[in-house]
Each structure stands twice: as structure tokens, then as C-alpha cells.
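One structure is given here, and the rest of the page talks about it.
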Amino acid sequence: MSIYNPLRDKLVANSSASLKMTFADIEMLIGRSLPKSAYEYDAWWANEDPVKTNHSHSLAWTVPGYQAEPNRSQRTVTFRRRG
């Protein structure tokens with residue numbers, strides 16, 4: 001079980017084309033702080049191929065069919081449904 005499953009579950013349940021969340025929202029959802037790299041590098045938010053990656057955080061949004069669009073300066077991320 002991944003610590004990011006609550007994020008995945010929220011995206012699965014989301015019926016809109018996008019969902020904007022603050023980093024703090026995600027931290028409350030997963031019950032812990034995001035890693036320092038989530039605050040420092042856009043690469044942490046990469047939309048990796050869910051078949052090829054082993055990064056559980058990326059799987060949390062790519063498996064439900066979303067792409068992450070981070071805005072680190074505002075500490076937000078918009079998840080947009082692909083297709």
C-alpha cells in the first residue's frame with residue numbers, strides 16, 4: 001500500500017476535468033509532509049508512464065488518468081484529466 005493512495009482515491013472519485021490542490025491539502029490527505037524534492041523540483045511531479053514507473057507518487061495521479069501541473073512558487077498542483 002502506498003502512502004499516496006488517499007490522493008489516488010480522491011482523483012478516482014473526482015468527476016471534474018481538473019482538481020487544484022495546495023501542497024498542504026495533499027499533506028493533510030496523505031497524513032505526512034511531502035518530501036523536500038516535491039517543493040524544490042518540478043521533476044518530482046513528472047507524469048511518468050504508469051506501466052513503466054515504480055514511483056508511487058506519480059502512480060497516484062497517472063493511474064486515475066491525470067497529469068500533474070505543479071506551481072511550486074504558489075505551492076499548488078493542478079491535476080488535469082488526460083484526453
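The values are calculated or read from the model by the stated rules, or taken from the named source; none is laboratory data. Note that the structure is a prediction, hence the values are computed from the model and not measured. Counting neighbours? That spans all protein chains shown, and the Cβs are built from the backbone with ideal geometry, glycine included. Accessible surface is based on the protein model in full, side chains and every heavy atom, while ligands, DNA and RNA are left aside. Shrake-Rupley method; radii C 1.70, N 1.55, O 1.52, S 1.80 Å.
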Between Tyr66 and residues 5 or more places away or on another chain, the pairs with built amide H atoms under 5 Å apart involve Arg82
The size of the Cβ-based charge dipole (Lys, Arg +1; Asp, Glu -1) of the chain about the Cα centre, to the nearest 20 debye, is 120
For the chain, averaging the sequence separation of alpha carbon pairs under 8 Å that lie six or more residues apart and dividing by its residue count, the contact order in percent is 36
GNM of the chain, Cα pairs under 10 angstrom: of Ala60, Ala13, Ala38, the biggest fluctuation goes to Ala13
Checking rank on 2-12, 27-37, with mean other Cβ inside 10 Å and highest first, the result is 2-12, 27-37
Out of Gln67, Leu34, Ser18 - ranked by how far each Cα lies towards the positive end of the dipole of the range 4-81, with unit charges on the beta-carbon of charged residues - the top one is Ser18
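Taking all protein chains as present, what is the carbon and sulfur share of the accessible area of the chain, in % to the nearest whole number, probe 1.4 Å? Can you show the working numbers first?
Numbers: 2440 of 4990 Å².
After summing per-atom areas, the C and S share lands at 49 percent.
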When all Cα-Cα pair distances of the chain are considered, the percent exceeding 19 Å is 28
Residues whose built amide H sits under 5 Å from the amide H of Asn71, excluding neighbours closer than 5 in sequence, are Thr76, Val77, Thr78
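Express the accessible area of the chain per residue in Å², computed with a 1.4 Å probe while the remaining protein chains stay in the model. Present the calculation step by step, with values, prior to reporting the outcome.
Numbers: 4990 Å² over 83 residues.
Per residue, the chain has 60 Å² of solvent-accessible surface.
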